[in-house]
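Structure record follows, encoded as structure tokens.
The values are calculated or read from the model by the stated rules, or taken from the named source; none is laboratory data. As the structure is a computational prediction, the values presented were derived from the model and not from experiment. Cβ: placed from backbone, ideal geometry, glycine included. Neighbour counts: every protein chain shown. Keep in mind that these areas ignore ligands, DNA and RNA; they rest on the heavy atoms of the full protein, side chains included. Shrake-Rupley method; radii C 1.70, N 1.55, O 1.52, S 1.80 Å.
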Amino acid sequence: MIRASHILFVPLLIVLAGCAAPAAPVAELGLPAPEPLYSPEQVKPGRLEYAPDRSTFAPVLTERFVYPTQSEANAAYLRLLAAAPGDRSYPASIWLFGCKPGALDEQTARVTRYRGPVVHCATDFLDGSGRRLHRETANFYYYASVWNMQSVYPPRVAALWRNRERSPKDFWWWVPGRPRYE
């Protein structure tokens with residue numbers, strides 16, 4: 001049984017749907033093209049490893065894992081710059097120096113391993129002429145068929161203890177035959 005309120009509600013929805021702004025076509029959004037997921041065949045110190053499309057990985061890789069190539073890392077950096085505010089000047093490109101699996105946590109400055117393709121790399125930021133401006137650590141993760149970059153700003157000093165507590169005193173430490181630690 002159809003109620004009268006349902007009969008009035010459906011035409012109202014149709015009229016309101018016609019007032020909605022048209023959705024932008026997918027081609028205008030500039031979605032990145034999918035990138036292949038490459039891993040080096042073997043890792044040897046000092047030996048440059050090439051992906052099947054002849055692009056290179058970072059010169060220093062710590063273990064056999066999935067890494068972005070130099071061109072994929074630059075594409076991830078350009079996507080990051082596209083979302084950045086335009087009121088500052090940024091380095092023109094990046095060059096990966098060394099990579100290791102896991103992500104660097106910027107609060108604790110510790111590396112956390114994940115199941116998926118997540119790596120952190122020592123990244124050189126280059127100016128327009130290719131000179132190195134500075135080297136920082138950046139996280140790279142593979143999501144939605146493309147490599148993405150996340151800038152990391154770890155703390156430069158050790159964390160301070162908030163409330164230092166001393167260990168409890170054992171007044172019977174001198175008695176023979178007692179365990180050293182309880």
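Structural remarks
- Of all residue pairs spaced 6 or more apart or on separate chains, none has beta-carbon atoms under 8 Å together with a first member in region 80-96 that is touching a residue at least 12 places away in the same chain (Cβ under 8 Å) and a second member that is open to solvent by 80 Å² or more (accessible area, probe 1.4 Å) and hydroxyl-bearing (S, T, Y).
- Any hit, region 104-111, residues being in contact with a strand residue (DSSP E or B) (Cβ under 8 Å, 6 or more places away or on another chain), modelled with pLDDT of 95 or more, open to solvent by 80 Å² or more (accessible area, probe 1.4 Å) and among the basic types (K, R): no
- Test: P117 is open to solvent by 20 Å² or more (accessible area, probe 1.4 Å), within 22 Å of V43 (Cα to Cα), modelled with pLDDT of 95 or more and out of contact with any helix residue (DSSP H, G or I) (no Cβ under 9 Å at 6 or more places or on another chain): yes
Residue by residue, here is whether (1) in a loop (DSSP other than H, G, I, E, B); (2) surrounded by 10 or more Cβ atoms within 10 Å (Cβ to Cβ); (3) of a type in the set (V, I, T) holds:
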| residue | (1), (2), (3) |
| --- | --- |
| V66 | yes, yes, yes |
| A75 | no, yes, no |
| I94 | no, yes, yes |
| D124 | no, yes, no |
| S129 | yes, no, no |
| R166 | yes, no, no |
| W173 | yes, no, no |
| P179 | yes, no, no |
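- Boolean, V157 is at pLDDT 90 or above and not polar (S, T, N, Q): no
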